[in-house]
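The values are calculated or read from the model by the stated rules, or taken from the named source; none is laboratory data. On a predicted model such as this, the values are computed, not experimentally measured, just so you know. Using ideal geometry, Cβ is built from the backbone for each residue, glycine included, and neighbour counts are taken over all protein chains shown. Quick note on the areas: whole protein, heavy atoms, side chains included, nothing else; ligands and nucleic acids left out. Shrake-Rupley method; radii C 1.70, N 1.55, O 1.52, S 1.80 Å.
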Amino acid sequence: MTAISEIIDELKFSIGFRKRLIAAQKSLNATAPKAGDPAPDFTLDDIAGKTSVTLSEFQGKQPVALVFGSFT
C-alpha cells in the first residue's frame, strides 16, 4: 500500500467517524433540556454524606447553583 492510499484510507475513516459523532450529538441534543426548561429533579448527599438534599425542596424558596469541578 502506498503512502497516499494510506492517507486516503485514514481520511475516509476520519470522515466516517466525524459523521457518526455528529449524528450521535444531534440525537443527544434532541433529548437535552433547552434553555428555560426546568431542571430535572434529583437527590444528592450533602458534603458530609449524612443528609440527602433534593433539588425540588428549594423550588420557589431560594436560588440553587450547581458547581461541577475538581477540588484536587
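The table that follows gives values for the structure above.
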item	result
Reported label for calculated percent of Cα pairs over 17 Å apart given (i) 47; (ii) 70; (iii) 40	(ii)
Other-chain or far-sequence residues with amide H under 5 Å of V53's (modelled H)	L44, D45, D46
Residue-level accessible surface for E57, protein heavy atoms, 1.4 Å, Å²	90
Size of electric dipole in the chain: Cβ of Lys, Arg +1 and of Asp, Glu -1, about Cα centre, debye, nearest 20	280
Neighbourhood net charge (14 Å Cβ-Cβ; Lys/Arg +1, Asp/Glu -1) for T54	-3
